[in-house]
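Data first, discussion second: the structure below is written as structure tokens.
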Amino acid sequence: MKRKIFVIIAAAVASATVLASCGKKAEPVKEKAPGLAAFERVLASDSKSVGFHGELSHYGFALSSGEKFEWSKDMGANKADLAMVMPAKEFIDAGLDVTKLDPAEWLFVEAEPAHGTPALLIKTWNVADEKGEAKDEPEAMEKIAAADKDILAYHEEKDHFALFMGEGYEVVWADDLKAQPEDLVFVLKAEPLVDAGLDIAKLESFGWSFKAASNDNMGMGANPDQIVKSFDLVK
């Protein structure tokens, strides 16, 4: 991305009213060490896809199909400590009217053809507002995990860790990247997207699938209808 695009997204993030996770005490990072170590392995699987956005104070892990996961270097620098960034065209082609999405939870960034940047649909989440820069990508995730005792969970049966970004939204990664093809997974709550016109069946051609509501959300209780997209990082 060019600097101009960073500025546009930074302005959008700064102006969004993103709900923070409040009233949760930090817990020792060592309790989440296995999940954090697994996250480091995700980054190491394709180190060239790891980058840093200075204007956003965000680290990012880019995926070959155009998605990106971002996490904050400094939680006090903005109101979006976590972000799932997705190409918007596939959602729009599947019926989504981005103007009907809640701007407190979603950002839409127009395409910039001159800079080769597509339109982006971004799900953000604010974890905390504590100032303090991390020295690198893993430490930044450690700080995020320490700021919210409930943000990271482990599903023993699936051998996956889940990072929660509000009700129904998750970024999931595998403990063992060679054991299964679902190394990294984006999970979105279906209801707000469907209410805004999304036809999930049409989105399936872009690699997304429907996950019906169930009583087990990574051992954390019930979860709503969701749409998910998985990424195989280690072929």
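The values are calculated or read from the model by the stated rules, or taken from the named source; none is laboratory data. Remember, predicted model here, so these are calculated numbers, not experimental data. Ideal geometry is used to build each Cβ from the backbone, glycine not excepted, and the neighbour counts take in all protein chains shown.
On the given criteria, is G166 part of a loop (DSSP other than H, G, I, E, B) and within 25 Å of L36 (Cα to Cα)? In short, yes.
Among the residues making up the stretch 44-63, those that are surrounded by fewer than 21 Cβ atoms within 10 Å (Cβ to Cβ), under 14 Å from the mean Cα position of the chain (by Cα) and not in a loop (DSSP other than H, G, I, E, B) are G60, A62. Within the stretch 41-82, the residues that satisfy the criterion of being under 22 Å from E204 (Cα atoms) and out of contact with any helix residue (DSSP H, G or I) (no Cβ under 6 Å at 6 or more places or on another chain) are L63, S64, S65, G66, E67, K68, F69. Close contacts from the stretch 42-64, counting a first residue that is within 13 Å of M141 (Cβ to Cβ) and a second that is assigned to a loop (DSSP other than H, G, I, E, B) and among the aliphatic types (A, V, I, L, M), with Cβ to Cβ under 8 Å and a gap of 6+ residues or different chains, come to V42/L177; V42/L233; H58/A80. Taking K189 as the residue in question, decide whether it is surrounded by 13 or more Cβ atoms within 10 Å (Cβ to Cβ), modelled with pLDDT of 95 or more and over 17 Å from the mean Cα position of the chain (by Cα). No, not satisfied. Pairing each residue of the stretch 182-204 that is in contact (Cβ under 8 Å) with a residue 12 or more places away in the chain with any residue that is among the β-branched types (V, I, T) and in a loop (DSSP other than H, G, I, E, B), provided the two are 6+ apart or on different chains, yields C-beta distances under 8 Å for D183/V234. Among residues of the stretch 74-84 being surrounded by fewer than 24 Cβ atoms within 10 Å (Cβ to Cβ) and not small (G, A, S), the one that is nearest to A146 (Cα to Cα) is D74.
Note on the stretch 169-183: residues that are in contact with a helix residue (DSSP H, G or I) (Cβ under 6 Å, 6 or more places away or on another chain) and outside any loop (DSSP other than H, G, I, E, B) total 1. Scanning the stretch 85-101 for residues that are closer than 14 Å to W208 by Cα and touching a strand residue (DSSP E or B) at 6+ places or on another chain (Cβ under 6 Å) turns up M86, A88, F91.
Filtered by the rule that a residue be in a loop (DSSP other than H, G, I, E, B), touching a helix residue (DSSP H, G or I) at 6+ places or on another chain (Cβ under 9 Å) and not small (G, A, S), the stretch 184-216 gives L198, W208.
Restricted to the stretch 64-124, the set of strands (runs of 3 or more DSSP E) holding at least 3 residues that are under 13 Å from the mean Cα position of the chain (by Cα) and among the aliphatic types (A, V, I, L, M) comprises 82-87. Within the stretch 159-168, at least one residue is surrounded by fewer than 21 Cβ atoms within 10 Å (Cβ to Cβ) and more than 15 Å from the chain's Cα centre (by Cα). Of all the numbered requirements in (1) within 17 Å of M86 (Cα to Cα); (2) charged (D, E, K, R); (3) assigned to a loop (DSSP other than H, G, I, E, B), K158 misses one, and that requirement is (1).
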